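All of the numbers you see were taken from the coordinates with simple rules; none came from a lab. These numbers were taken from a predicted model, which means no experiment stands behind them. Please note: Cβ atoms are built from the backbone with ideal geometry, for glycine as well, and neighbour counts cover all protein chains shown.
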């Protein structure tokens with residue numbers, strides 16, 4: 001607010017929480033408190049179901065569902081097709097194929113008005129270009145979606161005025177400035193008004209694209225709290241964010257999108273920023289790794305895999321099986337507890353070398369890293385009892401030639 005609130009602070013004893021407290025003027029506590037809704041249970045009805053969505057050229061095959069009261073994240077790198085998927089769902093982008101159901105009822109393509117009346121709301125990424133009408137006041141911007149949903153004569157404002165006042169008060173917005181131009185407010189205040197605009201019509205599903213982009217930490221915390229309150233009331237929430245820490249902290253599940261395809265749908269509690277980053281890697285990089293696994297299987301048989309080993313969890317990124325290999329029950333894009341797999345000793349040991357399981361099958365593991373030394377997980381090869389495994393050095397030597405990524409490729413980012 002244009003005032004110096006602290007100066008001459010020694011950085012030696014300064015924590016991030018201290019800086020935030022000075023900025024906001026209070027202790028905001030745990031920013032990523034989870035919503036206390038029962039949505040994680042499969043008993044909750046499905047609010048939004050997207051199947052085989054395609055919208056050329058960015059969206060090729062996107063499928064996911066979100067239940068009432070659940071906060072779902074769409075994760076991926078910039079250009080993965082997440083924003084384009086949201087726009088196609090809401091009718092802002094022409095879709096070539098796929099089905100979108102809200103509350104079990106299919107909505108017609110390419111019609112935002114039909115999406116709104118079916119119960120969809122969407123906070124687009126660009127506040128200035130996509131969400132705000134600059135020449136309108138705060139109040140006029142607030143009632144825009146109400147006009148879209150309203151049927152009949154007039155604008156339908158009177159039925160929502162009391163609800164609007166309560167919502168404005170709860171969000172901490174200045175009620176005495178409803179006639180002021182929205183552009184005169186901070187980015188955080190603008191974002192609150194935009195979100196309130198959708199809450200006013202009580203949607204079944206609310207999609208938010210980069211909802212905390214360009215706002216301060218205090219407003220970020222307020223938006224997170226608002227999303228939790230929304231979910232606890234039974235509204236399904238879909239959050240698109242390039243901040244993987246935000247996705248893991250706020251969402252109950254994360255659907256990973258890469259090059260226009262959904263490649264994983266996992267509980268946030270089983271993911272880390274590292275595993276999410278590798279899952280989101282461009283398919284061109286993942287396909288090269290998968291091709292290497294197929295070469296291993298062609299040379300030695302058995303099952304070859306690439307994944308992250310994180311404590312007792314194994315994140316499978318790619319897998320290849322020979323025609324005669326015994327199924328291991330692993331699939332790309334899934335997370336497993338080590339003791340639930342067919343190779344628990346190898347995964348729990350997490351050491352280069354050969355490990356033989358109690359049933360006689362053997363696994364050789366080798367760490368994978370690129371030219372810059374970035375950890376890219378582990379490559380493994382599992383063969384049935386009595387088979388001859390390659391040495392770890394042999395496997396590492398083959399990996400060095402195939403996975404030495406040039407500095408300008410995406411996986412180094």
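Using packing as a proxy for protection, rank 63-69, 372-378 so that the peptide with the highest average count of other Cβ atoms within 10 Å comes first. Could you put the intermediate results ahead of the total?
On the way: 63-69: 20.6, 372-378: 14.9.
Order by mean packing, descending: 63-69, 372-378.
I need the peptides 269-282, 161-174, 237-250 ranked by packing, meaning the mean over residues of other C-beta atoms within 10 angstrom, with the highest value on top.
Numbers: 269-282: 19.6, 161-174: 13.7, 237-250: 21.6.
Highest to lowest by the protection proxy: 237-250, 269-282, 161-174.
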For the stretch 283-412 the mean separation of alpha carbon contacts under 8 Å (6+ apart) over residue count, i.e. relative contact order in percent, is 21 percent
Using alpha carbon centers only, the stretch 335-360 is separated from the stretch 247-271 by a whole-angstrom value of 25 Å
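How much length would be gained if the chain were fully extended between residue 21 and residue 213, taking 0.36 nm per residue of separation minus their Cα-Cα distance, in nm to one decimal?
Working: separation 192, 0.36 × 192 = 69.12 nm, distance 2.02 nm.
67.1 nm is the gain from fully extending residue 21 to residue 213.
Which order results if 185, 305 are arranged by neighbouring Cβ count within 10 Å, fewest first? Walk me through the numbers before you get to the answer.
Details: 185 18, 305 26.
Going from sparsest to densest Cβ surroundings: 185, 305.
Using the C-alpha gyration tensor of the chain, what are the square roots of 5 times its eigenvalues, in whole angstrom, with the largest one first?
Details: eigenvalues 415, 131, 67 Å².
Working through the eigenvalues yields semi-axes of 46, 26, 18 Å.
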Out of 299, 85, 369, a Gaussian network model of the chain with alpha-carbon springs under 10 Å gives the largest mean-square fluctuation to 299
Where a ≥ b ≥ c are root eigenvalues of the Cα gyration tensor, a/c under 1.5 meaning rounded, otherwise prolate if a/b exceeds b/c and oblate otherwise, the stretch 283-412 counts as prolate
Percent relative contact order for the chain, counting Cα pairs under 8 Å at least six residues apart, stands at 15 percent
Within the chain, the percent of DSSP beta bridges that are antiparallel, given to the nearest 5, stands at 75 percent
Tilt, helix 161-170 to longest principal axis of the chain (alpha-carbon atoms), in degrees rounded to tens, equals 60 degrees
Checked the stretch 220-323 with the C-alpha gyration tensor, a ≥ b ≥ c its square-rooted eigenvalues, rounded below a/c of 1.5, otherwise prolate if a/b is larger than b/c and oblate if not; verdict prolate
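When a/c reaches 1.5 or more, the comparison of a/b and b/c decides; with that in mind, is the stretch 64-126 rounded, prolate or oblate per its Cα gyration tensor?
On the way: a/c = 1.57, a/b = 1.18, b/c = 1.33.
Oblate.
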